[in-house]
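The structure under discussion appears below in the form of structure tokens.
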Amino acid sequence: MTDAVPAGYGLAIMAFRLRSFRLSRARPWATFRTLVPALVLASSCTYGTITEPAAIGASMPVVVGREYEVQPDGVLRLSLLSVDADSRCPSRATCVWGGSATITLGLRMGMGPTVPTPLTWGLEPARRTTTAGGVRITFDSLSPWPEVPGPMLAQSQYKAWLTVSPAPVN
């Protein structure tokens, strides 16, 4: 049996389910038996970010709205919270200096809180790296590169390129 519903039958099925729910109020155990599994399923869902694996040792694009599990243990999670500044020299312009870009990464250990961590590319001495959970995270670049001077792009259009590598042991 399939769950596909022919066109036009959706309201009839919804009305039947509503009527069935009202009838089950006379039998509280039937409502309880139906409602509890639905609540358990709903509470096990996660909302918000999509989690993807992040490989150690490779440069990878990170976008706003996604969370990345640092492999192999997956205890550390990182996300791009925002692109705070983008003053890089546009490719169709001649500039005195190359400019810079600042992002805010969110770092989270296990189920702990997300810690905002700003990283800056392009400035000397810039804070391009951070260390957490036994790994070093380096902000390599930001794409797309601006072509002409103007306002920043929408947050969803940016990709921050990061390299995750084992942290040096002191």
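Might you check whether a residue that is open to solvent by 50 Å² or more (accessible area, probe 1.4 Å), within 17 Å of Pro53 (Cα to Cα), in a strand (DSSP E or B) and in contact (Cβ under 8 Å) with a residue 24 or more places away in the chain occurs anywhere in the range 94-107? Among the residues of the range 94-107, not one is open to solvent by 50 Å² or more (accessible area, probe 1.4 Å), within 17 Å of Pro53 (Cα to Cα), in a strand (DSSP E or B) and in contact (Cβ under 8 Å) with a residue 24 or more places away in the chain, which makes the answer no. Only a single criterion out of (1) surrounded by 14 or more Cβ atoms within 10 Å (Cβ to Cβ); (2) more than 19 Å from Thr94 (Cα to Cα) is not satisfied by Leu123, namely (2). Entry remark, the range 154-170: residues being assigned to a loop (DSSP other than H, G, I, E, B) and at pLDDT 90 or above number 2 in total. Restricting attention to the range 110-153, which residues are in a loop (DSSP other than H, G, I, E, B) and of a type in the set (A, V, I, L, M)? Of everything in the range 110-153, those that are in a loop (DSSP other than H, G, I, E, B) and of a type in the set (A, V, I, L, M) turn out to be Met111, Leu123, Ala126, Val148, Met152, Leu153. In the range 50-59, is there at least one residue being open to solvent by 40 Å² or more (accessible area, probe 1.4 Å), within 20 Å of Lys159 (Cα to Cα), touching a Gly at 6+ places or on another chain (Cβ under 7 Å) and modelled with pLDDT of 55 or more? No, every residue in the range 50-59 fails to be open to solvent by 40 Å² or more (accessible area, probe 1.4 Å), within 20 Å of Lys159 (Cα to Cα), touching a Gly at 6+ places or on another chain (Cβ under 7 Å) and modelled with pLDDT of 55 or more. What are the residues in the range 68-88 that are at pLDDT 85 or above and either open to solvent by 20 Å² or more (accessible area, probe 1.4 Å) or of a type in the set (S, T, N, Q) (or both), if any? The answer is Glu69, Val75, Arg77, Ser79, Leu81, Ser82, Asp84, Ala85, Asp86, Ser87.
The values are calculated or read from the model by the stated rules, or taken from the named source; none is laboratory data. Keep in mind that this is a model prediction, so the values were computed, not measured. Note that we place each Cβ from the backbone using ideal geometry, even for glycine, and neighbour counts take in every protein chain shown. Protein only, heavy atoms only, side chains kept; ligands, DNA and RNA dropped before computing areas. Shrake-Rupley method; radii C 1.70, N 1.55, O 1.52, S 1.80 Å.
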